[in-house]
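First up is the structure itself, then whatever we jot down about it.
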Amino acid sequence: MKKRNFVIALTVVVGFTACKKNAGGGVADASTLNVTTQSMISDKLNEDANTVFTSSVNSDSTSSLGARPAPYYNATVTISPGAFPKTVTINFGTGTTSPDGIIRSGKIIAVLSDSFYKVGSNDTLTFNNYTVNGYHKEGTIVWNNLSHGDTLAWTRVDSGTVTAPGGSSYWHHYGTTSVLQVGGIGDNNLLDNIYSISWNSHTIVNSAGVTAISVVLPITPLEKKADCPYIDAGQLVIAVGSDQMLINFGYGTCDNTASYSFNNGPFYDFTF
């Protein structure tokens, strides 16, 4: 089940409003709906940037870095010469549309201390005038490789600011994410990679001063397949004060549907 990354805002607001009325569990005000939507947009912007990044550095060698983003994301990829540390610049120019319908512009700049798969390596992403479907993203994403034995694992520290199209609103976000690669291990096929994603707390504070905190528990991690534009499994909880929204992304089917429950009420299906 799942979601195309950024058409989420209006759909979620409409869906949450219906949920409040039908569930009889109280009415969430406009500020709660707004910050909840902003929280999910932040998470989706992060996952989109990380999908582009991991697709470009998913190699133990330097010769094949950037093999996928150039043709798939319609980006120009440049790699600094010589040994590590290396800088990989993924440039979308004034705007390109990828096959999954997402419009990106600007640059993702990644500095790699060593191979993405080397234990102890760290990679830092920054953004230069970078937008996705009109949302402007600033800040950093820092990957740290904590792999051991046959387990491929990373932590990610995501922090920055998102500005809505037209500059109508903005919000700050930060949090630490745990990432496990659970599929596509040991081959050179980037499209069969599967990642399991969880976090204890992602926080956003918007320009109105409202705070939302989201949680993805390890027992119900989000699943992101490289060849699917949606999150297709797992559960996400977003809390705003005493209000709580539970999003269920399904059980592994790649589609744009999900379900939600507001304040422990019944689940309702919706599409992104």
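A short reminder: the numbers here are calculations on the coordinates, not readings from a lab. Predicted model only: the values in this text are computed from it and were never measured. Note that each Cβ is placed from the backbone with ideal geometry, even for glycine, and that neighbours are counted across all protein chains shown.
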Bin all alpha-carbon pair distances of the stretch 143-272 at 10 Å intervals from 0 and give each bin's fraction as a whole percent. 12, 34, 38, 15, 2
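Please arrange 107, 118, 44 by counting, for each residue, the other beta carbons lying within 10 Å of its beta carbon, fewest first. All intermediate terms of the calculation are to be shown ahead of the outcome.
Working: 107 18, 118 14, 44 22.
Ranking 107, 118, 44 by Cβ neighbours within 10 Å, fewest first, gives 118, 107, 44.
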Percentage of interatomic Cα-Cα distances in the stretch 128-205 larger than 20 Å: 48 percent
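Please give the net charge around residue 92, taking every other residue with its beta carbon less than 13 angstrom from that of residue 92, where Lys and Arg add +1 and Asp and Glu add -1. Display every interim value, and only then the final one.
Numbers: positive: 104, 107, 137; negative: 48.
Charge balance near residue 92 sits at +2.
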Within the set of other residues whose C-beta is less than 12 Å from the C-beta of residue 192, count the net charge using Lys and Arg as +1 and Asp and Glu as -1. -1
Just to check I understand the Karplus step: with θ = phi - 60° and J = 6.51 cos²θ - 1.76 cosθ + 1.60, what whole-Hz values come out for the stretch 250-257, glycine and proline as x? x, 9, x, 8, 7, 8, 9, 10
Using the number of other C-beta atoms within 10 angstrom as an exposure proxy, rank 156, 104 with the fewest first. 156, 104
About its Cα centre, what dipole magnitude does the stretch 8-262 give when the only charges are +1 on Lys and Arg Cβ and -1 on Asp and Glu Cβ, stated in debye to the nearest 20? 420 debye
If you look at just the Cα atoms of the stretch 8-262, how large are its Rg and its Dmax in Å? 18.2, 62
Give me a comma-separated list of calculated 3J(HN,Hα) values for the stretch 79-90, in order, Karplus coefficients 6.51, -1.76, 1.60 applied at θ = phi - 60°, integers in Hz, x for any Gly or Pro. 10, 5, x, x, 7, 5, x, 10, 10, 10, 10, 9
Do the alpha carbons of any pairs in 44/225; 137/225; 86/224 sit beyond 18 Å of each other, and which pairs? 137/225; 86/224
How would you rank 173, 202, 148, going from fewest to most other Cβ atoms within 10 Å of each one's own Cβ? 148, 202, 173
Signed unit charges on C-beta, dipole axis of the stretch 97-198, positive-most listed residue 149, 184, 99: 99
List the residues whose amide H sits under 5 Å from the amide H of residue 147, counting only those 5 or more places along or on another chain, with H placed 1.01 Å from N in the peptide plane. 120, 153
